[in-house]
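Please read the structure below before turning to the comments.
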Amino acid sequence: FILIANGPVQVAQMIVSQQQTSDFTGDPTLIVHPSINHLRNDYFILTPIGYVHNWTSVFRPKGLEIKHNGSILPAASFQPVGDGSWELAYVKVSPGQQRFESEGKFGLSVYGYGPATAYGYPGGMILQ
């Protein structure tokens, strides 16, 4: 979805508990999302060890080329959201250092889960 507001808002995503999933993994986690005014064109993140699944959600203006650790993310991995001016891809990542970069601004959320555990955070933001 696309949120348009004429006043201050805060957008967050909630990861549900393990009782709400078919494979009995996860734990409640809240991820706060920065507004598009605070997006970056590069993100350096650390993905922790000890989780069964580690993911990033990458959202970009339609067609913007994004690299993950030097390799371009395939255009086919992105799906349109809202009115189609933005796209979203779910990118599975391994534990350790990750770099996402582009010539333009895009968003990144990082999350992972395992039996009775989870984590999630925004990949970063510009604060000015």
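Once label points are set 7 Å from the Cα along Cα→Cβ at both I49 and V9, what is their separation, rounded to one decimal in nm?
Going by the 7 Å Cα→Cβ label model, 4.2 nm.
Can you send over the solvent-accessible area of T47, 1.4 Å probe, protein chains only, in Å² to the nearest 10?
In the full protein context, T47 sits at about 10 Å².
Need one value: the accessible area of E101 in square angstrom, 1.4 angstrom probe, rounded to the nearest 10.
50 Å²
Could you order Y111, Y43 by accessible surface area, starting with the largest, using a probe radius of 1.4 Å?
Descending accessible area places them as Y111, Y43.
Can you compute the FRET efficiency between K62 and Q128 using 1/(1 + (r/R0)^6), with r the Cβ-Cβ distance and R0 = 30 Å? Round to the nearest 0.05.
E between K62 and Q128, to the nearest 0.05, is 0.75.
Given a 10 angstrom Cα cut-off, can you work out which residue in R40, R99, R60 is the most mobile in a GNM of the chain?
Of R40, R99, R60, the Gaussian network model singles out R99 as fluctuating most.
Accessible area of segment 51-95 with a 1.4 Å probe: how many percent of it is carbon plus sulfur?
58 percent
Calculate, for the chain, the solvent-accessible area per residue in square angstrom, rolling a 1.4 angstrom probe over the heavy atoms of the protein chains.
Numbers: 7720 Å² over 128 residues.
With the other protein chains kept in place, the chain gives 60 Å² per residue.
The values are calculated or read from the model by the stated rules, or taken from the named source; none is laboratory data. Values in this document were obtained by computation on a predicted structure and should not be read as measured data. Please note: Cβ atoms are built from the backbone with ideal geometry, for glycine as well, and neighbour counts cover all protein chains shown. Each accessible area value is taken on the protein alone, full model and side chains, heavy atoms only, with ligands, DNA and RNA left out. Shrake-Rupley method; radii C 1.70, N 1.55, O 1.52, S 1.80 Å.
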